[in-house]
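Input: a single structure, listed below in structure tokens.
Values quoted throughout were computed directly from the atomic coordinates according to the rules given, and no laboratory measurement underlies them. Since the model is a prediction, treat every value here as computed from it, not as a measurement. Positions of Cβ are backbone-derived with ideal geometry, glycine not excepted, and every protein chain shown enters the neighbour counts.
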Amino acid sequence: MKNILCFGDSNTWGYDVTLYDEKTDSAQRMPYDLRWTGRIQNMLGPEYRIIEDALNARTCMVEDPYFPHRLGIAALETALDAQAPLDLVVIQMGVNELKHMFNLTAGMIAFGVEKLVAAAGQSYYRYPAPKVLLIAPAPVRPDIDKMIYGFSFGPLAYGKSLEFGALYRSIAERYGCGYIDCGELGFELNDLDGLHYSRTDHEKLANAVVPKIKEMLG
């Protein structure tokens, strides 16, 4: 059996804005078989075990004072230890660092993602180090600053998110990782927050991830 850790934020958790409730300012989670992690489990079958480790508002290297206990580097190192041995670690992170309170350039965000990639390639308990598949998040909507979470992301988020594809590709090349760019998959996102993937987007991502996993793990 191949053990695969999928590490990410709300777009791996499956935050579904079609279930958004304005009174509570909260949505709910997509069913397992509709989010991309569940889809790839069903598509790959029982010879593969997909381990989800996803959290809303998770960041890579910076603490969010409004969403504590979501520091990605610490959570990833714990997961790598707890879930060993692993054959593959899939990382899709970086969107939450677009919040304007962090004042990070796209390059600084990518550098934080690089720290996760480096951590994921370590060996635990003398097992072979897992391979890494890095996924660049889809660019947010151009008008995200006018949507429900616009007060957090501001007008610069879109431009920064457009830089993710090239920056993440460079990381993958330097570390010898697999790579997928969601910006090339024609995602639609949603017209409520301009940030989270639609159910169709999850399907598109799953369809891209499955052949890449088979390619990497044989």
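Here are some notes:
- Helix 72-82 vs. the chain, principal-axis angle (Cα, 0 to 90°, nearest 10): 30
- Between the helical axis of 164-175 and the longest alpha-carbon principal axis of the chain there is an angle of about 20 degrees.
- Only helices enter this figure: runs of n ≥ 4 DSSP H residues, each worth -39500 (n - 2.57), summed and divided by the residues of the chain, yield -10500 deg cm²/dmol at 222 nm to the nearest 500.
- Per-pair calculated FRET efficiency, R0 = 22 Å: Ala166 and Glu203 via Cβ, rounded to 0.05: 0.30
- Among the chymotrypsin sites (Phe, Trp or Tyr not before Pro) in segment 25-73, those located in a DSSP loop and surrounded by at most 12 other Cβ atoms within 10 Å of their own Cβ are Tyr66.
- 0 to 90° range, to nearest 10: angle between helix 199-217 axis and the chain longest Cα axis: 20
- FRET efficiency, Asp33 to Phe102 (Cβ-Cβ, R0 35 Å, nearest 0.05): 0.55
- Computed lengthening from Met43 to Leu71, 0.36 nm per intervening residue step minus Cα-Cα distance: 7.0 nm
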